[in-house]
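Data first, discussion second: the structure below is written as structure tokens.
Computed from the coordinates by the stated procedures, all read-outs in this text should not be read as laboratory data. Just so it is clear, the structure is predicted and the values come from calculations on it, not from any experiment. No Cβ is skipped: glycine too gets one built from the backbone with ideal geometry, and neighbour counts run over all protein chains shown.
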Amino acid sequence: MKVGGGVVFNLLKQFVKKVLGDLFAKKKHVKIGLYGPPNGGKTTLANRICKDWLGEEMGTVSNIAHETREINIKEQISIESKGRQLSFNLVDTPGIATKIDYEDFVKVGMSDTAAKKRAKEATKGVIDAIKWLDEMDIVIVVLDGTKDPYSQVNITIIGNLQARKIPVLIIANKIDLRKASLKKVQSAFPQYSVVGISAKYGKNIEEFYESLFVLAG
Amino acid sequence: MVTLQFVPYTEIESLSSIGRIRKLLNITKQNKIVLLQGRLRSDEEAELIKTTMEEINKDFTGIELAVISPHRDTTGVKKLKYNVMNMVLGDRQGLTIIGPASLVKQIKKDPHKIELFMDQKKIRKKGKR
């Protein structure tokens, strides 16, 4: 059977279109999740990424724990470095905790009603964050570099990501503070890449983006 | 007074994941600190946190949790030996500590020691009852 040049060309065109289409379709749906304990700086980092590449912030931050109580998604973020491009949807999750006491919110000046509401929403937020683990393609675990990295919440999050074979990048945030220790975080998780940053001031943010490219392959 | 309840691995070995979590949470909700021989799987630990969150109310504000697993970070032959032992015997190496957040304020841990910081006021209140 003789196959015409036009047919071969069309087949080739379809093949290239399919491969490239699949490639871009896959890229379009890459979800990068920000996980970690409350007040580690997940939303501050999300805001930094969004400000750097979209020119707008993603969510509100606060010194009071559990400010983020719902899953927030920012779609179609494209970052570039050294001629490479990475497109993803960024998922900011509520901080994962093992205890939530509304009285802790009252102690920082909230009314009883507002504190109870915040506590209730925060518990739901933790449940949602855990449920969403399965949806992630890559996870950035954001830890407060001034705090004890050996907390069981950190170990449980990372253990679950390891079991699900989800690539992980650990961020030791708040390295602008004197109490912060990148070494302590690195020694707690020696098998992972740990990058020390200050999401608030943008310190070392280039290394963070570079690590993200390495992780995404 | 603080009550520590030891739970040998054999007591949870045959239970389902939900059964294990239920058993450990029920003890914790009686204001006791659980000392579990071994550890839960990581997905069970996540499920424990989820279930804890579902049950938080005025009287139960959550848990403090810590796991000491001395051989987890080993490499090479030691790691292989550890994994084989886990496969055969279950994850019974190490120790899991679960306490009610109303009594245990914080569990501090590094690879060599573990410290429980208790809420003295709550313990005194409980002792008076």
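Here are the numbers:
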{"read-out": "Shielding score for A:141-151, defined as the mean number of other chain Cβ atoms within 10 Å", "value": "2"}
{"read-out": "log10 of Debye I(q)/I(0), alpha-carbon scatterers only, for chain A at 0.11, 0.16 Å⁻¹", "value": "-0.57, -1.08"}
{"read-out": "Theoretical FRET efficiency, 1/(1+(r/R0)^6), r = Cβ-Cβ of B:T3 and A:Q85, R0 41 Å, to 0.05", "value": "0.10"}
{"read-out": "Selection from A:G33, A:S87, A:A115, by position along the positive dipole direction of region A:29-216 (Cβ)", "value": "A:A115"}
{"read-out": "Peptide-level mean, for B:53-64, of C-beta atoms on other protein chains within 10 Å", "value": "5"}
{"read-out": "Potential extension, A:S62-A:S187 segment - 0.36 nm per residue separation minus Cα distance", "value": "42.1 nm"}
{"read-out": "Pairwise FRET efficiency - B:K113 versus A:I71, Cβ, R0 = 30 Å, nearest 0.05", "value": "0.25"}
{"read-out": "Out-of-range pairs (alpha-carbon distance over 21 Å; input A:K51/A:K147; A:K99/A:K124; A:K42/A:K82; B:K32/B:K121)", "value": "A:K51/A:K147; A:K42/A:K82"}
{"read-out": "Number of partner chain Cβ atoms within 10 Å, mean per residue of A:89-99", "value": "3"}
{"read-out": "Point-to-point label distance, B:K105-A:D134, nm (Cα→Cβ direction, 7 Å offset)", "value": "4.0 nm"}
{"read-out": "Estimated FRET transfer efficiency (A:W53, A:K120; beta-carbon r; R0 41 Å; 0.05)", "value": "0.75"}
{"read-out": "Peptides A:74-84, A:169-179, B:96-106 ordered by average Cβ neighbours within 10 Å, highest first", "value": "B:96-106, A:169-179, A:74-84"}
{"read-out": "Two-site label geometry, A:R178 and A:K165: point separation in nm, points 7 Å out along Cα→Cβ", "value": "4.8 nm"}
